[in-house]
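Coordinate-derived values only; no laboratory data. Note that the coordinates shown come from a computational prediction; the quantities given were computed from them, not determined experimentally. Quick reminder, even Gly has a Cβ in these numbers, built from the backbone with ideal geometry, and neighbours come from all protein chains shown.
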Amino acid sequence: MQDPDPIRPEGFRRVSAALRAKRHQHQPVWLEVAARTSQEAADALGVSLGQIAKSVVFKRKTDLAAVLVITSGDRRVDEKKLKQHTGPLGRADADYVKASTGFSIGGVSPLGFSPADGAGPPQLFVDRELFRFETIWAAAGHPNGVFCMTPEQLASLTGAPVIDVVQA
């Protein structure tokens, strides 16, 4: 099968393919500016900061597996709440994020993973705070790529449980 967009980066194409495979109604869009932070993405899209479905990666201490929390751009993950679901966690640096997801920081998508060394995909969680919004936007494998969905579609696309893991 011919690549529909050979000029876009590989991570963006992977997310596009994953969305097509899941028959998601919205394909990723390419922003003219890089949106490496939630605020940059919100500004580029003209939406509220909370509508950005940011991806936060942690490293599980027991087995070094990746844990990915998708939460609103205007919220911070409460590691104590998250540890109740995962066990002890550590911070993930840029190299770890790239190796465990296949994406660089600023472009970590909630689907389309390509972990290095045959590792499995990250353990995923969707934070319930995203359900405050009708439409949300997530990274699509590159800082210039994003795609939209509803919070319900995010949970369905990822199969991730919806939990409360943000700071009060």
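Brief remarks on what is shown
- The relative contact order of the range 101-168, computed from alpha carbon pairs under 8 Å that lie at least 6 residues apart in sequence, is 35 percent.
- Relative contact order [Cα under 8 Å, 6+ residues apart], the range 72-117, whole percent: 24 percent
- Counting lysine pairs in the range 10-163 that sit 8 or more residues apart in sequence, or on different chains, and whose Cα atoms lie under 23 Å apart gives 14.
- Test item: Cα-centred dipole of the range 21-168, Lys/Arg +1 and Asp/Glu -1 on Cβ, debye: 360 debye
- With both residues required to sit in the chain, DSSP beta bridges show an antiparallel share near 70%.
- Taking the fewest neighbouring Cβ atoms within 10 Å as the starting point, the ordered list for GLU40, GLU152 is GLU152, GLU40.
- Value of relative contact order over the chain, rounded to a whole percent, pairs C-alpha under 8 Å and six or more apart: 27 percent
- Here the range 82-146 and the range 21-79 have alpha carbon centers that stand 7 Å from each other.
- Selection from LEU124, PHE147, TRP30, by position along the positive dipole direction of the chain (Cβ): LEU124
- Helices in the chain, meaning DSSP H runs of at least 4 residues, each add -39500 (n - 2.57). Divided by all residues, the mean residue ellipticity at 222 nm is -7500 deg cm²/dmol.
- Calculated FRET efficiency, ALA168 to GLN27, Cβ-Cβ distance, R0 = 41 Å: about 0.65 to the nearest 0.05.
- Count Lys and Arg as plus one, Asp and Glu as minus one, and take only other residues whose Cβ is under 13 Å from that of THR37; the net charge is then -1.
- Residues with amide H under 5 Å from that of LEU124, placed H, sequence gap 5 or more: LEU68
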